[in-house]
Amino acid sequence: MDTEKVELFLSGSSARLLSREVATSMRGRALEVLIHPFSFRESLRHAGAEPAAPWNRLPAPARSDLDHRLGRHLVEGGFPEAQGIDARDRHVLLRSYVDVVVLRDVIERQRMVNPRKAYPVDPGLIPIYERSGRPNWGHALETAVFLDLERRGCEMGYVRTPEGFEVDFLARGPGEPPLLVEVCVDVQDLQTYDREVRALAAAASAHRSARALLVTLESTPPAPGLPPPLEWRCAADWLLGEPVLA
């Protein structure tokens with residue numbers, strides 16, 4: 001590599017070396033590339049259904065179709081092999097992924113950690129372990145937002161305000177102002193609206209340089225509106241946005 005015009009690629013299983021150990025063993029010559037399952041936009045592209053215009057310029061039927069497809073994405077996830085197969089086969093496939101990664105690459109290496117707030121790498125994994133059998137839309141949507149922020153190169157944490165309120169994400173992207181994001185399936189219920197807006201407003205007061213964004217699965221703005229400086233975006237629109245903090 002030092003004396004010839006060559007590019008060298010090494011590949012292999014993580015059962016032997018974790019990514020951070022590969023970087024150490026290669027003595028600074030390694031570049032880690034994180035590969036996610038399909039994002040919402042990528043799953044649409046895979047299905048030949050990527051919209052040709054921004055969400056806010058699409059006709060109502062096209063928006064409705066995107067809302068339906070987002071619901072499917074939050075249930076089925078974005079692993080390429082799981083696209084378009086029936087639920088039974090998808091659950092078997094995704095469970096095998098978890099078994100291989102967790103049981104072989106993590107537990108066998110005595111490296112299991114339990115962060116206080118953890119997200120799966122794909123929302124399609126959630127229904128497999130949801131014991132109630134009911135769709136967990138809130139967790140799935142929060143996971144999709146987390147993964148999209150990660151794809152955008154953000155460093156993330158959640159916020160707990162002095163008043164005891166919690167906001168899902170405080171994201172910092174390279175060269176971008178901080179972004180507060182609160183994720184909720186819908187805020188039509190007044191009690192839910194008050195809870196979500198109160199938490200986001202408190203976090204915005206504590207982080208005055210950050211934009212404060214409420215992301216909901218429903219495609220209509222909150223009926224009472226939002227007090228400034230809070231902003232609203234529907235999930236389908238935000239997830240299809242350009243890879244910037246917007």
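The values are calculated or read from the model by the stated rules, or taken from the named source; none is laboratory data. Computed from a predicted structure; not experimentally measured. With ideal geometry, Cβ positions are generated from the backbone for all residues, glycine too; neighbour counts draw on all protein chains shown.
Odds and ends about this structure:
- Count of the range 64-102 residues which are free of Cβ contacts under 8 Å to residues at least 12 places away in the same chain and part of a loop (DSSP other than H, G, I, E, B): 2
- Pairs where the first residue, in the range 45-63, is touching a residue at least 24 places away in the same chain (Cβ under 8 Å) and the second is surrounded by 11 or more Cβ atoms within 10 Å (Cβ to Cβ) and of a type in the set (Ser, Thr, Tyr), C-beta under 7 Å, 6+ apart: 63/219
- Hey, residue 185 more than 13 Å from the chain's Cα centre (by Cα), closer than 20 Å to residue 219 by Cβ and at pLDDT 95 or above or not: yes
- Here 162, 177 are screened, and the one residue that is assigned to a loop (DSSP other than H, G, I, E, B), in contact (Cβ under 8 Å) with a residue 12 or more places away in the chain, out of contact with any Lys or Arg (no Cβ under 8 Å at 6 or more places or on another chain) and surrounded by fewer than 21 Cβ atoms within 10 Å (Cβ to Cβ) is 162.
- Condition met for residue 182 (in contact with a helix residue (DSSP H, G or I) (Cβ under 8 Å, 6 or more places away or on another chain), buried (at least 19 other Cβ atoms within 10 Å of the Cβ) and either part of a strand (DSSP E or B) or not aromatic (Phe, Trp, Tyr) (or both)): yes
- Output for the range 204-227, where each listed residue is hydroxyl-bearing (Ser, Thr, Tyr) and surrounded by fewer than 18 Cβ atoms within 10 Å (Cβ to Cβ): 205, 209, 219, 220
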